[in-house]
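Please read the structure below before turning to the comments.
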């Protein structure tokens, strides 16, 4: 089985070369190149798959990548010089010195980023300049055999003609030694050393923008929808100095959903703007005096704008601001028929990524402008009140697109009712103070588009 697999790979690589090389290529010396994995993390699976194709061909000779790193270090070329388009452009002279010292004709640079969703294969030709930049959307840092053939075919289509031209001109024997980075370079007298080719500059800027927006920080535009179970409890008390008191405690089970959107990534790729819409619903039963049961429900609906700031690939801060309405509704009865709160919401959520695991916590304030207690009939109106919210969550990335999450939210608010009405109340109470607390647990599955 391994023999058949190797034969098919060899055949595929030979086809790739012969499909765009000149007919006489097979009679020439093997194409000498280096293939390196410059990914900050990950990329090993994709690298091994592509390397298998390259090693399988007798027409390609792959140099040990460790020797490339050593030779590059001697020339003052860092890993960042391999990964960044502007740095590659400014290091062409050093790349030529590296290739000449190792007697190779090209360097292929693999970079896998955006949490394994993006692959980039850059080819540096004998000139020391980038001659191909192939990009592909992949999954979980892995590339299929079909994708590998497509990527390599596009890369070799640019590389083979350049190598043939280089060989026809005499190869490295015809190239004089070039100065190192720290050696002085004498500029021609009739040229302005500060003047740059506008086309080359705009191309470099474009590459830089694409690289930053794809992000070393993992931020990228997209949508995540999550849906699951809501489990919680509500505790509510009202009391006055005159002895009036009402307690209400009820557990509930329902459903919850959330849509998170990232609209734009900007700056150096570490910041983004997005929005979220969230909600939940749960029916339950309210028991008064230990005997009277009333059908009830809990509902919540809100939205917010979100500013995202990534301090690293692991640490992300979300700062949010928006509005929400949450309510507890109880069927008509002589005691109490529920509360509705309309509030703004401002706060932050800090998360930390450790491999597939993401943990986070946050807090916010809820300035509440509209408070409705039992329709305002028995207890009157309430002035502005401030609620607080605490959040904690832990999620596990099942695939690049799917994650499972456990979350907890604590919400509490304490409005006062200075002028309660006597209609419908058991007693004629003095001014009333209240506390309303919701504990909510969410178990959800998220899907990223």
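The values are calculated or read from the model by the stated rules, or taken from the named source; none is laboratory data. Note that this is a predicted model, so its numbers are computed, not measured. Cβ sites come from the backbone with ideal geometry, for glycine too, and all protein chains shown count toward neighbours.
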Scan of the stretch 417-449 for residues that are at pLDDT below 90, exposed (fewer than 15 other Cβ atoms within 10 Å of the Cβ) and either outside the structural domain of residue 384 (by TED's automatic domain parsing) or under 43 Å from the mean Cα position of the chain (by Cα) (or both), ordered by number: 449
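Looking only at residues that are in contact with a strand residue (DSSP E or B) (Cβ under 7 Å, 6 or more places away or on another chain) and either in a loop (DSSP other than H, G, I, E, B) or touching a residue at least 24 places away in the same chain (Cβ under 8 Å) (or both) in the stretch 148-168, which one is nearest to residue 46 (Cα to Cα)? Even if it seems obvious, please write down each step before you answer.
The first filter runs over the stretch 148-168 and keeps only residues in contact with a strand residue (DSSP E or B) (Cβ under 7 Å, 6 or more places away or on another chain), leaving 151, 154-155, 158-159, 162-163.
Next, from what is left, pick out any that are either in a loop (DSSP other than H, G, I, E, B) or touching a residue at least 24 places away in the same chain (Cβ under 8 Å) (or both): 151, 155, 158-159, 162-163.
Details: 151: 11, 155: 15, 158: 21, 159: 20, 162: 25, 163: 25 Å.
Filtering first and then ranking leaves 151.
Taking the criterion of being in contact with a helix residue (DSSP H, G or I) (Cβ under 6 Å, 6 or more places away or on another chain), crowded, with 19+ Cβ neighbours inside 10 Å and at pLDDT below 95, would at least one residue in the stretch 231-253 satisfy it?
No.
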Any hit, the stretch 352-362, residues being assigned by TED's automatic domain parsing to the domain that holds residue 275, modelled with pLDDT under 90, surrounded by fewer than 20 Cβ atoms within 10 Å (Cβ to Cβ) and within 21 Å of residue 307 (Cβ to Cβ): yes
Those residues of the stretch 60-71 which are buried (at least 18 other Cβ atoms within 10 Å of the Cβ) and not in a helix (DSSP H, G or I), in sequence order: 60, 63
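Could you tell me which of the residues 100, 118 is on the phi < 0 side of the Ramachandran plot and out of contact with any strand residue (DSSP E or B) (no Cβ under 7 Å at 6 or more places or on another chain)?
Details: 118 fails: out of contact with any strand residue (DSSP E or B) (no Cβ under 7 Å at 6 or more places or on another chain).
Testing whether each residue is on the phi < 0 side of the Ramachandran plot and out of contact with any strand residue (DSSP E or B) (no Cβ under 7 Å at 6 or more places or on another chain) leaves just 100.
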Positions within the stretch 366-416 being closer than 24 Å to residue 333 by Cβ and modelled with pLDDT under 80, in sequence order: 375, 376, 377, 378, 379, 380, 381
Conditions (1) in contact with a helix residue (DSSP H, G or I) (Cβ under 6 Å, 6 or more places away or on another chain); (2) within 30 Å of residue 400 (Cα to Cα); number of the one not met by residue 336: (2)
Conditions (1) under 29 Å from residue 397 (Cα atoms); (2) touching a strand residue (DSSP E or B) at 6+ places or on another chain (Cβ under 8 Å); number of the one not met by residue 126: (1)
Criterion violated by residue 48 - all others in (1) under 23 Å from residue 220 (Cα atoms); (2) in a helix (DSSP H, G or I) satisfied: (1)
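Report the residue count in the stretch 103-115 for those that are at pLDDT 80 or above and at positive phi. Full working, then the answer.
Applying the first criterion (at pLDDT 80 or above) to the stretch 103-115 yields 103-113.
If we keep only those that are at positive phi as well, we get 103.
Of the residues in the stretch 103-115, 1 are at pLDDT 80 or above and at positive phi.
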Any hit, the stretch 325-338, residues being buried (at least 20 other Cβ atoms within 10 Å of the Cβ) and free of Cβ contacts under 8 Å to residues at least 40 places away in the same chain: yes
Residue in the stretch 81-97 that is buried (at least 16 other Cβ atoms within 10 Å of the Cβ), under 30 Å from residue 402 (Cβ atoms) and modelled with pLDDT under 85 present: yes
